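> One structure follows; several queries about it will come next.
Just so it is clear, none of the values below were taken in a lab; they were calculated from the coordinates. All values derive from a computational prediction rather than experimental measurement. When we count neighbours, we look across all protein chains shown, and the Cβ atoms used for this are built from the backbone with ideal geometry, even at glycine.
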Amino acid sequence: MAMQAAALVPSAFSIPKEGKGSASFKESGLFGVSLSDHVKADFSSSALRNKRKPSVGAIRAQTAATTPAITRATPEGKKTLRKGTVVITGASSGLGLATTKALAETGKWHIIMACRDFLKAERAARSAGLSKENYTVMHLDLASLDSVRQFVDNFKRSERPLDVLVCNAAVYLPTAKEPTFTADGFELSVGTNHLGHFLLARLLLDDLKQSDYPSKRLIIVGSITGNTNTLAGNVPPKANLGDLRGMAGGLNGLNSSAMIDGGAFDGAKAYKDSKVCNMLTMQEFHRRYHEDTGITFASLYPGCIATTGLFREHIPLFRLLFPPFQKFITKGYVSEEESGKRLAQVVSEPSLTKSGVYWSWNKNSASFENQLSQEASDADKARKVWELSEKLVRLA
Ligand SMILES: NC(=O)c1ccc[n+]([C@@H]2O[C@H](COP(=O)([O-])OP(=O)(O)OC[C@H]3O[C@@H](n4cnc5c(N)ncnc54)[C@H](OP(=O)(O)O)[C@@H]3O)[C@@H](O)[C@H]2O)c1
C-alpha cells in the first residue's frame, strides 16, 4: 500500500530545488508538513479546548450592529463579551465545516456559513449538531462577482456586525484537461479561490473596520502547495505566477492564457497559483490596512486534511491511497476536526493577533509563524497581483 501510494507521487521524494535544510521524509510530504515544521512553537493554544459557555445575557445582546462588544450582563457585574460574528466561506464541508463546529461549540460565536449550496450547508450544519442560534446559512457563489456583491448586500442588510471574515472556500481541479471558467470568464480555480475572495474581502473591509470586537480579523486560508520552500511545494507542477501576463490578459483563455503566468493550462498548477495569490493578498492587506484599522490579517496552512472534498475531482485511486499515504508514510495527515480547531484558533485565540503572519502547526499541534516561499512573500508581486485583481473584479 505504502509503495503504491508513493508511486502515485514519486516527485514527493525528490530533492527540492529551493528547499533548504535537510528535512526527513517523516517531516514533510505531499500536502504535508513544511520543512520548518520542526521549529518550536512560540506559544500553544488552549482557548478552544476550554469550552466555557458565555452567559445567556451575552448571547442575547449580539445581533444589532451597534451592540457594543463589551456588555455588563452578568449578575456578578462582570464585563462579558458579546458573541462574535464570523463569516466563513465554504463552510458546507471539510475545513470550513469543522471550523464552524469548533467555534459554535464554544458558544461565543455566531457563524455565517457563506455557501453556494444552501441545502447542502443546512444539512451539513444539522449533521454536525449545530444549534440554530449559532449559525446562519447565506448564499455565496464565489465563481460569480454578482453573487459576491449580492452576498455582501444581504450581509449588510442583516445588520450584524462583522468581527472576523474567513476566506476558506476553494476548488481544486488536478485532472482537468481544459480550463473551465467562472460566470465572469476567469479560469475557475483562480477566479473562485482568489478573485471571488478578493472582491468579498474588499467589499467587507469597512464592516470589519467598524467592528468594536476586541480583535477583528481577516483570514485567508493558504497552503503548503503554493510554497516552493517545502517538499510538498516542489511536487510538479510548481506554483509560479511568472510575470503575471495571463492575469493581465484576463485569465479568459481567449485573448490571454487561462493561467496567471501565461502558460499552458494545468489544473493542479492553477490551484497552487491561486493559493500563492491568497497568501500574497493577505500580506498586501496587512501592508495597506493593518496600521490604520487594527485589523489582524493572517493566513495559515491547516495541515494535510487528506479526506476532504477538495480531492473530489482526483482519480479514485488517488482518493483511496492519499489518506493512508499521508497518515502512515508522510505523517502529514490532520483530521478534519483537528484542522477545524486550528483555524478556529486563528479566528479567536487572543494570542494569535499578530498581523501579516502565515500560521502552521508542529507535530505537537502547537502553532508557529511559518516562512513563506520567496514568491509567496514577494511584496512587489503582491502589489501587482492586487492592482490586476482590482481591475478584473472591477474595483478599479
Ligand atoms: N484539504 C487539504 O489538505 C488542504 C490543505 C491545505 C489547504 N487547504 C485549504 O483549505 C480550504 C478548504 O478546503 P477543504 O479541504 O476543506 O475542501 P472542501 O471540503 O472541498 O471545501 C471547500 C469548500 O469550498 C466551497 N466552494 C467551492 N466552490 C465554491 C464557490 N464557487 N462558491 C462558494 N463556495 C465554494 C465548497 O462548497 P460545496 O460544498 O458546495 O462544494 C466547500 O464548502 C481551501 O482553501 C483549501 O485550499 C486544504
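> I'd like the distance between the alpha-carbon centres of segment 314-361 and segment 213-281, rounded to an integer number of Å.
19
> Where Lys and Arg each count +1 and Asp and Glu each count -1, what net charge lies around Arg288 among other residues with Cβ under 13 Å from its Cβ? Walk me through the intermediate numbers first.
On the way: positive: Arg202, Lys209, Arg287, Arg383; negative: Glu284, Glu291, Asp292, Glu387, Glu390.
It works out to a net charge of -1.
> I've got another one for you. Per the Kirkwood treatment, what hydrodynamic radius in Å, one decimal, follows for segment 84-393 from the mean inverse distance over all distinct Cα pairs? Provide the component values of the computation, followed by the final result.
Details: mean 1/r = 0.0521 Å⁻¹.
Result for segment 84-393, one decimal place: 19.2 Å.
> In addition: Quick one: compute the contact order of segment 84-393, relative version, from alpha carbon pairs under 8 angstrom and 6+ residues apart, as a percent.
20
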